[in-house]
Every structure is written in C-alpha cells, then in structure tokens.
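Right, one structure below, let's go through it.
The values are calculated or read from the model by the stated rules, or taken from the named source; none is laboratory data. Just so it is clear, the model here is predicted, and its values are computed rather than measured. Methodologically, a virtual Cβ is constructed for each residue, glycine included, from the backbone with ideal geometry; neighbour enumeration extends over all protein chains shown. In case anyone asks, the SASA skips ligands and DNA or RNA and just uses the protein heavy atoms, side chains included. Shrake-Rupley method; radii C 1.70, N 1.55, O 1.52, S 1.80 Å.
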Amino acid sequence: MAYTIAVAGKGGCGKTTITSLIINYLLSLKKGSILAVDADPSFNLHFLLGMDAPKTLGQLKESAKKDKPNSMDLFSFLEYGTNMAIDEGKIDLLAMGRKEGKGCYCSVNNALREVLNKIAKSYNYIVIDNEAGIEHISRQTDASVNLMFIVIDPCLRSLITAKTIINLIKELENDVSKVCLIGNKMDKIPNWLKMDIPFLGCIPFDPMLQKYEEENLSFLSFPETSLSYQALKKICVQVLGESDEERAPGPHS
C-alpha cells in the first residue's frame, strides 16, 4: 500500500502550495511513483503542477447513476472511469471535484472507495491536498493516512482550526498514524502556539512562490535553491528522509 501524506488546515493558509512543494521533494528522492489527489471541490492543484484540468470523481459519480450500462457492474464502471480520470505525467493526478447532487450515493461511494484502495496499491506515495477546514475529517475521508501535515499561518484562527482537526481525528478514531504542524508565511514559531504535537518548522515568505503563481509556472520545476523549498526540505527530511538508498514505502511495505 502507498505511503499517504495529507495536507490540511484552514482556507488560505497555503495548503495547495505546500502540497506542490512536497510533491517536488518526493520527485527529487526518486523513490517511486506518486499520485496527487486534489480533494478540494474547487480543485486547482493542477495549476500549480502545470497539468491540464482533470476530470473529477464528482463527475464520475454523477455519471454512474445515469450512464452505467446494465451489462457492467458498478465496480468495473467506476474502476474504468477512475483510471480514465487520472491525468498522467511526471506524477499522476486525481481530482475529487464537487460533492454529489441529490439522492443517495452510498453504493457509489462504497464502490469508489474499493476502487481507490485498489489503485493505491500501484503507487509508492499518495499526496492529498485536502479541502479547507474540517469537513474532510468529519466525513472521515482521511482513512489510512501515514502522515498529516496541518498548515498554520500567522493567524490565531489557523491554530483554532488545527486544534479542531486534531480533536476530530481522535474523536472519530481516524486512521492517521502521525500528525505534525507546519508554519507557513512565517520565520519562527509564534509565541501563541501551544500544541501537544510536533511543530516541524516554518516556511518563510518567498518572492519566488509569488512569481511562480503569478506566471502560472509549474511547481514541479521549482528551484531547489529557493528559501521556501529549502525550508520545506528540512521539514520533510525529519519525517521522510532524503537518501536514495533508503527503501521507499510501497506496495510491499
């Protein structure tokens, strides 16, 4: 099964940017295949990765209720559609898309969960850019996560969101093995931060990040010498390592 990394936090804290930098770092390790999952209904991770707008699983779920041939079972229909929705490149990208429309989607969701579990076995890493806030936790969509980064910015509300996410993980008994904090747009740990989970470091304001976003450049080619990348690398090394000789987590882990 893939080693799964999820990135969570309040809206506007920089989750998508940090997700892109994490993917860039994993590519530099050359430890295996990567599936990026954009779990935000307003999906825009593809912009930062320099990829085309993907088809979404939200669209696929709608299609399953209307277009599935009687001769095809639901699992096969969703498996085929999911494979077609994955945008392949240096990494593979899958977008969840908007929530379902009216009516019951229980059977579709259950079958799709089985499809995603099957697909996950084909990758060494899965990196999830979660939607803002806590709904992905309350709906228990972060099952079997090896590492969750909660991003906070220089705003007290981000700390409140982080604490709520952590409490919900415990309350709902989500399968999240390790939870850590990352500071974004800050140079040091803020004085008001008091948490019982590891704070791995800060990513400072970096004009290079703004340049890449404004000029719509791919973060997969983001310079490793930049301030933000070096800070992110230092954080990732603490929990993921950096040596190509280390065994990558993968299907046989």
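Can you pull out every residue in the range 47-58 that is within 15 Å of residue 98 (Cβ to Cβ) and assigned to a helix (DSSP H, G or I)? Of everything in the range 47-58, those that are within 15 Å of residue 98 (Cβ to Cβ) and assigned to a helix (DSSP H, G or I) turn out to be 57, 58. Here residue 80 fulfils each of the conditions (1) in contact with a Phe, Trp or Tyr (Cβ under 9 Å, 6 or more places away or on another chain); (2) at pLDDT 90 or above apart from (1).
Of all the numbered requirements in (1) farther than 24 Å from residue 98 by Cα; (2) buried (at least 18 other Cβ atoms within 10 Å of the Cβ); (3) at pLDDT 90 or above, residue 33 misses one, and that requirement is (2).
Kindly evaluate residue 61 against the criterion of being surrounded by fewer than 18 Cβ atoms within 10 Å (Cβ to Cβ), basic (Lys, Arg), in a helix (DSSP H, G or I) and in contact (Cβ under 8 Å) with a residue 40 or more places away in the chain.
Working: surrounded by fewer than 18 Cβ atoms within 10 Å (Cβ to Cβ): no; basic (Lys, Arg): yes; in a helix (DSSP H, G or I): yes; in contact (Cβ under 8 Å) with a residue 40 or more places away in the chain: yes.
Criteria not met by residue 61.
Residues in the range 4-26: is at least one part of a loop (DSSP other than H, G, I, E, B), open to solvent by 40 Å² or more (accessible area, probe 1.4 Å) and in contact with a strand residue (DSSP E or B) (Cβ under 7 Å, 6 or more places away or on another chain)? Scanning the range 4-26, I find at least one residue that is part of a loop (DSSP other than H, G, I, E, B), open to solvent by 40 Å² or more (accessible area, probe 1.4 Å) and in contact with a strand residue (DSSP E or B) (Cβ under 7 Å, 6 or more places away or on another chain), so the answer is yes.
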